[in-house]
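A short worksheet on the structure shown next.
The values are calculated or read from the model by the stated rules, or taken from the named source; none is laboratory data. Note that this is a predicted model, so its numbers are computed, not measured. Positions of Cβ are backbone-derived with ideal geometry, glycine not excepted, and every protein chain shown enters the neighbour counts. Side chains included, ligands, DNA and RNA excluded: accessible areas come from the protein's heavy atoms. Shrake-Rupley method; radii C 1.70, N 1.55, O 1.52, S 1.80 Å.
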Amino acid sequence: MISPWDRWYSTSCCLCCHVRTGTIILGVWYMLINAVVLLILLTALSDPEQYHLTSAELANDLDVMDDANMCIASAISLLMILICGMATYGAYKLRAAWIIPFFCYQLFDFALNTLVAVSIVVYPNTIQDYLQQLPENFPYKEEIGALSNICLVLIVLLFIGCILGFKAYLIACVWNCYRYVTGRGSSEILLYVTTNDTTVSDISRFQEYI
């Protein structure tokens, strides 16, 4: 009997590259995205007058993001860079434990997106409320608002479903990389023990012969 984990296990991803290479590319890509976000946030903190969006610009009664929220967002981006760097290093150096934080982040992100999809199904009117909060110059706002709630829910669910499917594939790639690194480490330990046992056995036979 083949377990479900072994049935979906594969050492290749994206039809062409190894899961280890795919994890390294994914980690570097996430690091670049979070680095760009962190750079934007730090620039906004250094010059708040230029990058501060007021409530009047978005037809809302509250500021979009104050300095405290921007500091929190900067800390999260810095933490994400650290987690992605750990995953990249772990895949490159074959350290399985370094990949686990990035894998946990993927699961957490997938769970949040799933909750968003569930909330849209349970509360479909939230889409219309969100459209009303958009600025007046938002592209195609009137055309989108003219659609029925059922049509909007189906479109949003289709979009989120595609995102969830892609994220699930990336989670599987990272998990397969973790299994590959763990299995390779176990194989090296087994080979080391077997080699040492063979060496000790040969030494014992040589001593008996002498």
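Here are the numbers for this structure:
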{"read-out": "In the range 118-156, residue surrounded by the most Cβ atoms within 10 Å (Cβ to Cβ) [restricted to those that are small (Gly, Ala, Ser) and in a helix (DSSP H, G or I)]", "value": "Gly145"}
{"read-out": "Val153 vs. criteria among the aliphatic types (A, V, I, L, M) and at pLDDT 55 or above", "value": "yes"}
{"read-out": "Selection within the range 68-111 - under 19 Å from Phe166 (Cβ atoms) and of a type outside the set (Phe, Trp, Tyr)", "value": "Met80, Cys84, Ala87, Cys104, Gln106, Leu107, Asp109, Ala111"}
{"read-out": "Qualifying residue in the range 65-80 (condition: assigned to a loop (DSSP other than H, G, I, E, B) and surrounded by 11 or more Cβ atoms within 10 Å (Cβ to Cβ))", "value": "yes"}
{"read-out": "Gln106, sole failed condition from (1) outside the structural domain of Ile171 (by the TED database); (2) of a type outside the set (D, E, K, R); (3) open to solvent by less than 50 Å² (accessible area, probe 1.4 Å)", "value": "(1)"}
{"read-out": "Criterion (among the aliphatic types (A, V, I, L, M), part of a helix (DSSP H, G or I) and surrounded by 14 or more Cβ atoms within 10 Å (Cβ to Cβ)) met by exactly one of Ala97, Ala91", "value": "Ala91"}
{"read-out": "Matching residues, the range 13-40, being touching a helix residue (DSSP H, G or I) at 6+ places or on another chain (Cβ under 7 Å) and modelled with pLDDT under 85", "value": "Cys13, Cys14"}
